[in-house]
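Presented below is the structure to which this report refers.
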Amino acid sequence: MIPELIRKQIRQGEGIGTEFKADVRNLEAIAKTVCAFLNTLGGTVFCGVDDKGKIVGLDAARDQMHQIHAYLLENVTPKALFTVNVDDEGGTAILSIEVPEGKDRPYVFAGSVFVREGSQTRTADAAKLREMVQSKSVTAERWERRPS
């Protein structure tokens, strides 16, 4: 069963925190978007949903879930937290990749830093990179990184 909360998010369409992918053939595009969500405010990638918000479903969604999870862990640095879930309704399955805002910015995929601007994923420019690095030096130090 696809939860009503997910259906509502899909109905709202793509935006700064939501991206639709009709299939999972292009893992690079998915990884760029996950990287962009980590570098901005977080978000969710829905696979099996077309650009208009129509649920088209995926074949072998559970196998693809493991493949995507492994690909993202291997190719996005530094290591980040995210969850990959499968929701199924009447044989139509969608994947949702939930990505929180990253705390160890900037995150990199394929040698580039990506950010989210509106509903678009873009390569970060020098000003955006500078802003990320400067904001990291201002934020409070995480407890697990403090000397004992």
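The values are calculated or read from the model by the stated rules, or taken from the named source; none is laboratory data. Computed from a predicted model, the values in this text were never measured in an experiment. As a convention, Cβ positions derive from the backbone with ideal geometry for all residues, glycine included, and neighbour counts pool all protein chains shown. Each accessible area value is taken on the protein alone, full model and side chains, heavy atoms only, with ligands, DNA and RNA left out. Shrake-Rupley method; radii C 1.70, N 1.55, O 1.52, S 1.80 Å.
In table form, for the structure just shown:
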quantity	calculated
Between 0 and 90°, nearest 10: helix 61-75 axis offset from the chain longest Cα axis	20 degrees
On Cα atoms only, tilt of 27-39 relative to the major axis of the chain in degrees	50 degrees
Top of GLY111, GLY102, GLY48 by mean-square fluctuation, Gaussian network on the chain, Cα under 10 Å	GLY111
Base-10 log of normalised Debye intensity for the chain (one unit scatterer per alpha-carbon) at q = 0.13, 0.19 Å⁻¹	-0.58, -1.10
Dipole moment magnitude, nearest 20 debye, the chain about Cα centre, only Lys, Arg, Asp, Glu C-beta charged	560 debye
Extension reserve of the ASP59-THR83 stretch, reckoned as 0.36 nm per residue once the Cα distance is removed	6.7 nm
Selected from THR18, GLY118, GLN67, residue furthest toward positive end of dipole (the chain; charges at beta carbon)	GLY118
Within-11-Å neighbourhood charge of MET1 [Cβ basis; K, R +1; D, E -1]	-3
Heavy-atom accessible area ranking, 1.4 Å probe, most first, across TYR71, TYR107	TYR71, TYR107
Centroid-to-centroid separation of segment 78-115 and segment 1-27 [C-alpha atoms, Å]	12 Å
Cα-based Lys proximity count in the chain, under 24 Å, for pairs eight or more positions apart or on separate chains	19
Ellipticity estimate at 222 nm from DSSP helix runs (n ≥ 4, -39,500 (n - 2.57)) divided over the chain, nearest 500	-10500 deg cm²/dmol
Ranking by accessible area, most exposed first, for MET65, MET1, MET132 with a 1.4 Å probe	MET1, MET65, MET132
Distance (nanometres) between label positions extended 7 Å along Cα→Cβ at ARG146 and GLU131	3.0 nm
In degrees, nearest ten, helix 126-138 long axis to first principal axis of the chain (Cα)	70 degrees
Solvent exposure, largest accessible area first (probe 1.4 Å, DNA, RNA and ligands not counted), of SER148, SER96, SER119	SER148, SER119, SER96
The chain: most fluctuating residue of LEU58, LEU38, LEU27 per GNM, C-alpha cutoff 10 Å	LEU27
